[in-house]
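Participant: Just passing along the structure, written as structure tokens.
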Amino acid sequence: MRQAVLWSLAVSCLLILPTPAAAERNWEFSIGGYGGWAFHGDTTARFTWATTPFGFEPVDARGNGLRFENSGTYGIKISGWHLPRKYKWQPQIGFELDGTRFTADVPPQTIPGEGVGKTSQLPLGPVTLPDRLEFGVDNLAVNLLFRYPIWGTPDLPHGRWYPYVGIGGGVQRARLSTGGYEETSYSPVFQGLVGVKLFLIKHVAIFGEAKYTQGWHSFDYAEIGAPSDYKERYTIVTGNVVGGVALHF
């Protein structure tokens with residue numbers, strides 16, 4: 001009987017103690033997954049060699065209006081928010097590790113070109129990409145976040161819902177595949193985002209987010225015998241529109 005009473009007291013303490021402790025926490029963490037669509041902007045491509053009326057020669061050239069195919073996107077994010085001592089203090093600051101995946105394929109196309117051949121001094125003219133280029137893209141970035149909790153209470157310092165914005169950067173990996181050839185490029189990536197999160201219950205929320213990312217990638221085709229100074233450089237600009245679910249603790 002004595003042991004039963006002691007166990008009852010212990011369980012009661014475990015149930016009671018987290019309530020004030022939760023209000024005194026300095027940080028709140030969450031993990032979430034999301035999916036949606038990636039919309040790619042028309043950008044530029046730069047080349048150090050190209051075919052001109054003179055033939056295949058070194059150039060200082062740029063192709064404008066390069067079109068990428070839109071694709072699905074998905075990812076995961078781990079966030080940490082600093083909680084002020086007085087929950088009514090606004091806004092709140094957080095940090096986030098964000099991983100995103102999508103494709104950015106380039107179909108065969110002809111685009112306007114700028115530049116001249118270094119040997120012939122002839123103008124480049126239109127640039128033709130005869131083969132399909134497939135890019136598998138992965139972003140890993142750290143974001144600085146700001147949110148404004150709506151209807152916050154000491155028990156719900158994040159509010160019933162909140163809008164948020166963020167800015168960050170990290171690494172973007174692009175895996176090129178064309179005609180059986182594969183090559184990988186790494187680039188710094190910049191991103192900015194805006195979103196809104198709504199709590200279904202205290203620890204579970206849904207969110208919608210729009211995110212802009214940009215990276216720059218160079219490929220040399222060295223493994224298939226391209227000239228030593230051959231380079232192709234592509235700018236990948238993407239707007240991600242996603243929705244997801246997050247668990248807060």
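The values are calculated or read from the model by the stated rules, or taken from the named source; none is laboratory data. Treat the numbers as computed from the prediction; the structure is a model and nothing was measured. With ideal geometry, Cβ positions are generated from the backbone for all residues, glycine too; neighbour counts draw on all protein chains shown. Accessible surface areas use protein heavy atoms only, side chains included; no ligands, DNA or RNA. Shrake-Rupley method; radii C 1.70, N 1.55, O 1.52, S 1.80 Å.
Participant: Take the conditions among the charged types (D, E, K, R) and modelled with pLDDT under 95 and apply them to K211. Does it pass?
Facilitator: When the stated conditions are applied, K211 does not pass them.
Participant: Another one. How many residues does segment 193-225 contain that are open to solvent by less than 30 Å² (accessible area, probe 1.4 Å) and either free of Cβ contacts under 8 Å to residues at least 12 places away in the same chain or part of a loop (DSSP other than H, G, I, E, B) (or both)?
Facilitator: Residues that pass the stated criteria total 1.
Participant: Residues being open to solvent by 20 Å² or more (accessible area, probe 1.4 Å) and within 30 Å of F219 (Cα to Cα): count how many of those fall in segment 148-177.
Facilitator: Counting residues in segment 148-177 that are open to solvent by 20 Å² or more (accessible area, probe 1.4 Å) and within 30 Å of F219 (Cα to Cα) gives 7.
Participant: Assess whether E183 counts as being modelled with pLDDT of 95 or more, in contact with an Asp or Glu (Cβ under 8 Å, 6 or more places away or on another chain) and not hydrophobic (A, V, I, L, M, F, W, C).
Facilitator: Criteria met by E183.
Participant: Any residue at all in segment 129-146 that's among the aromatic types (F, W, Y), open to solvent by 30 Å² or more (accessible area, probe 1.4 Å) and modelled with pLDDT of 95 or more?
Facilitator: Looking for residues that are among the aromatic types (F, W, Y), open to solvent by 30 Å² or more (accessible area, probe 1.4 Å) and modelled with pLDDT of 95 or more, one finds at least one in segment 129-146, hence yes.
Participant: Do any strands (runs of 3 or more DSSP E) lying entirely in segment 114-192 carry at least 3 residues that are aliphatic (A, V, I, L, M), and which ones are they?
Facilitator: 134-147, 161-178
Participant: Would a scan of segment 241-249 turn up a residue that is over 24 Å from H82 (Cβ atoms), in a strand (DSSP E or B) and open to solvent by 20 Å² or more (accessible area, probe 1.4 Å)?
Facilitator: yes
Participant: Shifting gears a bit: Kindly indicate whether any position in segment 74-90 is under 19 Å from D131 (Cα atoms), open to solvent by 100 Å² or more (accessible area, probe 1.4 Å), under 20 Å from the mean Cα position of the chain (by Cα) and at pLDDT 80 or above.
Facilitator: No, segment 74-90 has no match at all.
Participant: Show the residue pairs that are 6+ apart or on different chains and have beta-carbon atoms under 6 Å apart, the first residue being within segment 32-47 and surrounded by 18 or more Cβ atoms within 10 Å (Cβ to Cβ) and aromatic (F, W, Y), the second being part of a strand (DSSP E or B) and modelled with pLDDT under 95.
Facilitator: That search, which allows pairs on different chains as well, returns F47/A61.
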